[in-house]
Amino acid sequence: MRSGKNTIKILKKKKIKFKKKITFKNIVFFSKLVNDKHKLHKDKKFSKKKNFKNIVCQGLFLSSICSSLVFKFFGNNSIIVKQKFVYHKPTYLDETIEIFGNVHLLDKRFHIYEIKIIIKVNKIVKSEGVITIKLI
């Protein structure tokens with residue numbers, strides 16, 4: 001699926017957005033998965049004591065949610081080769097994030113694409129990132 005015609009068939013949309021509510025179950029499950037025992041991700045009193053307004057969602061969890069954009073754009077026809085995220089503001093328990101993805105061709109010869117990502121809560125940018133993929 002790497003020729004020019006087939007690439008166009010894979011990439012039906014250039015922009016995608018979706019929403020996800022961050023739940024306690026999500027945060028706890030991810031903490032167990034990566035063995036993250038930081039109290040910011042499970043103890044509201046501790047988080048408030050450290051000047052956060054609620055339990056804080058892990059940045060890596062937000063990044064992992066964004067990897068679903070790769071599938072939404074390319075299905076099973078790509079692999080992630082690089083990603084980079086910046087976390088401007090904390091994302092909290094019970095917030096609904098809105099994820100915006102915009103895809104760009106970087107290298108036609110080697111079938112490399114870049115997905116630029118913005119994560120917002122109520123129009124406030126919480127995180128931004130870039131995921132680079134290669135078609136397989």
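The values are calculated or read from the model by the stated rules, or taken from the named source; none is laboratory data. As the structure is a prediction and not an experimental result, all values here were calculated from the model. Note that each Cβ is placed from the backbone with ideal geometry, even for glycine, and that neighbours are counted across all protein chains shown. The area values use the complete protein model at the heavy-atom level, side chains included, leaving out ligands, DNA and RNA. Shrake-Rupley method; radii C 1.70, N 1.55, O 1.52, S 1.80 Å.
The C-beta contact set for the stretch 29-52 (first residue farther than 14 Å from Tyr92 by Cα, second residue open to solvent by 90 Å² or more (accessible area, probe 1.4 Å) and hydrophobic (A, V, I, L, M, F, W, C), distance under 6 angstrom, 6+ apart or interchain) is empty.
With respect to Lys17, is the statement that it is farther than 15 Å from Pro90 by Cβ, open to solvent by 40 Å² or more (accessible area, probe 1.4 Å) and either of a type in the set (Asp, Glu) or in a strand (DSSP E or B) (or both) true? Walk me through how you get there before you give the answer.
Working: farther than 15 Å from Pro90 by Cβ: yes; open to solvent by 40 Å² or more (accessible area, probe 1.4 Å): yes; either of a type in the set (Asp, Glu) or in a strand (DSSP E or B) (or both): yes.
In short, yes.
Looking at Leu33, Leu40, Leu62, Leu69, which is the one that is outside any loop (DSSP other than H, G, I, E, B) and open to solvent by 70 Å² or more (accessible area, probe 1.4 Å)? Result: Leu33 is the single residue among Leu33, Leu40, Leu62, Leu69 that is outside any loop (DSSP other than H, G, I, E, B) and open to solvent by 70 Å² or more (accessible area, probe 1.4 Å). The residues listed here are Lys126, Lys134, Lys120; of these, the one that is over 24 Å from Lys25 (Cα atoms) and of a type in the set (Lys, Arg) is Lys134.
Only one of these is more than 18 Å from Phe18 (Cα to Cα), touching a residue at least 12 places away in the same chain (Cβ under 8 Å), open to solvent by less than 40 Å² (accessible area, probe 1.4 Å) and touching a strand residue (DSSP E or B) at 6+ places or on another chain (Cβ under 6 Å): Ile80, Ile115, Ile133. Name it.
Values: Ile80 fails: open to solvent by less than 40 Å² (accessible area, probe 1.4 Å); Ile115 fails: more than 18 Å from Phe18 (Cα to Cα).
Unique residue meeting the criteria: Ile133.
Considered as a group, the residues in the stretch 83-112 that are touching a residue at least 40 places away in the same chain (Cβ under 8 Å), part of a loop (DSSP other than H, G, I, E, B) and open to solvent by 40 Å² or more (accessible area, probe 1.4 Å) include one that is farthest from Lys25 (Cα to Cα), and that residue is Lys108. One residue alone among Ser78, Ser67 is among the hydroxyl-bearing types (Ser, Thr, Tyr) and under 24 Å from Lys120 (Cβ atoms), and that residue is Ser67.
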